[in-house]
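*Asks:* The structure follows.
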Amino acid sequence: MDYLNLIPRPQEVTVSEDIWFEAHRSICIKTHSTFNELIPLVTQELLSMELTVQDEPAETTIHFIQDATVAHQEGYILEITEDTITVTAATKAGGFYALQTLKQLALSKEGKNLFPGCKINDYPQFSWRGLMLDCGRNFFPVSFICKLLDLAALHKLNIFHWHLTDDQGWRLPVEKYPLLTEIGGWRIDNRTKKFSGKVGGSYTEEEIKTVVRYAADRCITVVPEIDMPGHMSSLLASYPGFGCTGGPYTVEDAFGVFDDVLCMGNKDLFSLIEDIFDSVIKLFPGKYIHIGGDECPRTRWEKCPKCQKKMEELGLTSAGQLQPWFVSKLANMLESKGKIAIGWDEVLDDADNLPSQLMVQSWRGIEGGKKGAATGHRVIMSPSTNGCYLDYRNYPDPMEMGRQYDTTTVKNSYDFSAIPEGMTAEEAEYVVGGQGNMWTEEVYYGRIAEYLLFPRLSALSEALWLAPEKKSFDSFKTRLPEHKKRLRILDVLYYDGKLE
């Protein structure tokens, strides 16, 4: 078996011939306090493996050992012998990833109730291994998001980027601005008679807390995105005074880039944004907040008297300079609240002195990432041109599901490298990793999302786990059929066609 058919492929695997750990036996869990939070999940997974969990004495043991000398904070050593499974890790995350490896092995048992004797030494190449789901264009229930988090965890991803607002919907509750969800959460959808009328929704505070807890239990950080100053139709439809023209505005039922954006000269603008951020911070304990910053036309700012007055006050010579001023204000506001801002690579346009703590997410290719790293910003690579946009078609056929803009094959996703060619070693130090992005303009249901995500997300997870010199697409192709069996057992609808 090629690396025990695991995805992402472990760094090192040694298989012990003729040694097997037998399931259908009682097992005792012994843990260091570092892993106490994992016990409910470990118990749940062991029961799903048809093992009986009990106190001592038991026939077999799973032993979680904390060892600060394990090479990587998310690394682990997994040893399976005839009567013992031993997990050695420095942190809870390492222990959790060992559990996910065990889960993959369990999903491959096929009724044999045997786990191969082996020793696995494993750790990730990058600290940021993410998946973005756009819930602004189309609303997805918490049940589907939790399913997706389980699948992300199975692939050892550790970031869930939750895109919560866009022109077509506002999903985040903000107590001081209730119309954001009452009006901004809904749009008219006239695709067919069946869908004619309002569609959408928003998440309650309790639902968001549920997602955040569920993710944290799986060592996944949730990064909320509130996209501004563009893509603001849902906010402007709710509170038109924050636009340059005063409206009226509607929550968009079309997709694209729209001229109506936040008015940079509105005296109450940053009070609004601070209230939004306070709502976000109350619900999301992670240290990152994505502020968007992409696809913001300057058309309204060039003609708006309030924006022109603001430019004069600031000594700016072009409307384009308003955006870096705005982004800097937001980044500094979030830093004062103990958070780190992330922006799409447009935040670098027309900008000279952005706050150094601002992180840059490169999507218009790799150049934004290179520029961000060269100017001292930490960088997340998710270029639409290099296998990271998973809403594109799997292959170029007009009858194939997915957006028609372009094609992302499984091989494209596997070949992705978060460190692009031409980047110096010094610049590469600023690259924290990468992620796959699932935009949902044409993704109306979870099943469509699953079909587009898998197995490309499986390929991307390996591209973020292994160093480039350790990757082998031939090896991945050999392991993929067994992995597809796991996906079937987990009730995942995946693409099953050509890989390249």
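The values are calculated or read from the model by the stated rules, or taken from the named source; none is laboratory data. As the structure is a computational prediction, the values presented were derived from the model and not from experiment. All Cβ positions, glycine included, derive from the backbone under ideal geometry; neighbour counts span all protein chains shown. Surface areas here come from the heavy atoms of the whole protein model, side chains and all, with no ligands, DNA or RNA. Shrake-Rupley method; radii C 1.70, N 1.55, O 1.52, S 1.80 Å.
*Asks:* Looking at L480, L493, which one is touching a residue at least 40 places away in the same chain (Cβ under 8 Å), outside any helix (DSSP H, G or I) and under 16 Å from L154 (Cβ atoms)? Quick ask: steps written out before the conclusion?
*Replies:* Numbers: L480 fails: outside any helix (DSSP H, G or I).
Going through L480, L493 in turn, just one is touching a residue at least 40 places away in the same chain (Cβ under 8 Å), outside any helix (DSSP H, G or I) and under 16 Å from L154 (Cβ atoms): L493.
*Asks:* With the requirement that a residue be farther than 24 Å from A71 by Cβ, among the aliphatic types (A, V, I, L, M) and buried (at least 21 other Cβ atoms within 10 Å of the Cβ), what does region 116-147 give you?
*Replies:* Selection gives L131, M132, L133, I145.
*Asks:* For region 160-170, does any single residue satisfy the condition of being part of a helix (DSSP H, G or I), within 30 Å of L6 (Cα to Cα), touching a residue at least 12 places away in the same chain (Cβ under 8 Å) and not small (G, A, S)?
*Replies:* First, the residues of region 160-170 that are part of a helix (DSSP H, G or I): none.
No, region 160-170 has no match at all.
*Asks:* Something else about it: Could you please give the count of residues in region 154-178 that are more than 11 Å from the chain's Cα centre (by Cα) and either open to solvent by less than 10 Å² (accessible area, probe 1.4 Å) or among the polar types (S, T, N, Q) (or both)?
*Replies:* So the count comes out to 13.
*Asks:* Taking the options G422, G446, name whichever one is within 20 Å of the chain's Cα centre (by Cα) and of a type outside the set (V, I, T).
*Replies:* Result of the check over G422, G446: G446.
*Asks:* Checking the conditions here, which among L487, L480 is closer than 23 Å to N138 by Cβ and either at pLDDT 95 or above or crowded, with 18+ Cβ neighbours inside 10 Å (or both)?
*Replies:* So the residue among L487, L480 that is closer than 23 Å to N138 by Cβ and either at pLDDT 95 or above or crowded, with 18+ Cβ neighbours inside 10 Å (or both) is L487.
*Asks:* Can you name the residue in region 262-279 that is under 26 Å from the mean Cα position of the chain (by Cα) and open to solvent by less than 30 Å² (accessible area, probe 1.4 Å) and is also nearest to E205 (Cα to Cα) among such residues?
*Replies:* Residue satisfying both the conditions and the ranking: S279.
*Asks:* Mind checking which pairs have a first residue in region 183-206 that is farther than 19 Å from P248 by Cα and aliphatic (A, V, I, L, M) and a second that is open to solvent by less than 50 Å² (accessible area, probe 1.4 Å) and at pLDDT 75 or above, Cβ under 9 Å, 6 or more apart or different chains?
*Replies:* Listed by first residue and then by second, the contacts come to V199/N138; V199/G169; V199/R187; V199/D189.
*Asks:* Follow-up question, since we're still on this one. Please determine, by comparing only the residues of region 449-474 that are among the hydroxyl-bearing types (S, T, Y) and farther than 17 Å from Q104 by Cα, which one is nearest to the chain's Cα centre (by Cα).
*Replies:* Residue satisfying both the conditions and the ranking: Y451.
*Asks:* While we're here: Do you know which of the residues in region 383-411 that are open to solvent by 30 Å² or more (accessible area, probe 1.4 Å) and touching a residue at least 40 places away in the same chain (Cβ under 8 Å) is farthest from V443 (Cα to Cα)?
*Replies:* Of everything passing the filter in region 383-411, K411 is farthest from V443 (Cα to Cα).
*Asks:* Now for a different question. Take the residues of region 412-461 that are modelled with pLDDT of 95 or more and polar (S, T, N, Q): which is most open to solvent (accessible area, probe 1.4 Å)?
*Replies:* N412
*Asks:* Next question, about the same structure. Of the residues that sit in region 58-98 and are open to solvent by 60 Å² or more (accessible area, probe 1.4 Å) and over 22 Å from I19 (Cβ atoms), which one is modelled with the lowest pLDDT?
*Replies:* A71
*Asks:* Name the residue, out of A341, A331, A373, that is over 29 Å from L283 (Cβ atoms) and touching a residue at least 40 places away in the same chain (Cβ under 8 Å). Talk me through it step by step, then tell me what you get.
*Replies:* Details: A341 fails: over 29 Å from L283 (Cβ atoms); A331 fails: over 29 Å from L283 (Cβ atoms).
The match here is A373.
*Asks:* Please find, within region 1-33, the residue that is modelled with the lowest pLDDT out of those that are open to solvent by less than 40 Å² (accessible area, probe 1.4 Å) and in a loop (DSSP other than H, G, I, E, B).
*Replies:* Per the criteria, the residue is A23.
*Asks:* Do you know which residues across region 99-115 are touching a residue at least 60 places away in the same chain (Cβ under 8 Å) and crowded, with 17+ Cβ neighbours inside 10 Å?
*Replies:* L99, T101, Q104, L105, A106, L107, S108, F115
*Asks:* Here is a check on your reading of the model: is L283 open to solvent by less than 10 Å² (accessible area, probe 1.4 Å), of a type outside the set (D, E) and at pLDDT 95 or above?
*Replies:* yes
*Asks:* While we're looking at this one, here's another question. Only one of (1) outside any strand (DSSP E or B); (2) closer than 26 Å to E295 by Cα; (3) of a type in the set (A, V, I, L, M, F, W, C) is not met by A153, so which one is it?
*Replies:* Of the numbered conditions (1) outside any strand (DSSP E or B); (2) closer than 26 Å to E295 by Cα; (3) of a type in the set (A, V, I, L, M, F, W, C), the odd one out for A153 is (2).
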